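Accompanying notes for the structure given below.
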Amino acid sequence: MKEINIGKMNKKIYICTPRTTQDDMGQDIMTYEKGKRIWATVKSVRGGEYYDALKLSPEVSYIIYTRYRKDIHPDTILMYHGKKLEVKHVDDIEEEQVMLEIQCTEYKKKGADHGWIGI
């Protein structure tokens, strides 16, 4: 088994809960509220850019290490320092249900409202 350094898990991240609200016109809007807090190690891996509807959007990838949890899976939204991180891949390190390696992506769009509630 790989040795775990709990002291490096010194960053707070939150598992966000999706919530559907309605705007003034009665249309459903997906928002997220801060949920469970977990301690983790967060590493920024790389930045990049992609084209979204002919607009250039920057992208930053993260790898997060935390204790094993069953409630984190692809398409989960995490929050780290007010940033919306979309989980792309979750790996149970060495299949021992002790540690998770979570690969996330933060999309930065100019003027984008993240839809956070209670933050």
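Length gained on full extension, ARG67 to LYS8: 20.1 nm, using 0.36 nm per residue less the C-alpha separation. With all protein chains kept in place, the per residue accessible area of region 64-108 amounts to 53 square angstrom at a probe of 1.4 angstrom.
Between HIS81 and GLN97, the simple spin-label model (points 7 angstrom out along Cα→Cβ) gives 3.4 nm. Here each label is just a point 7 Å from Cα along the line to Cβ, and for SER44 and VAL60 those points are 0.4 nm apart.
The values are calculated or read from the model by the stated rules, or taken from the named source; none is laboratory data. It should be emphasised that the depicted structure is a prediction, and the values quoted were computed from it without experimental measurement. Glycine also receives a Cβ, built like all others from the backbone with ideal geometry; neighbour counts cover every protein chain displayed. Ligands, DNA and RNA are stripped out before the accessible areas are found, and what is left, the full protein with its side chains, is counted by its heavy atoms. Shrake-Rupley method; radii C 1.70, N 1.55, O 1.52, S 1.80 Å.
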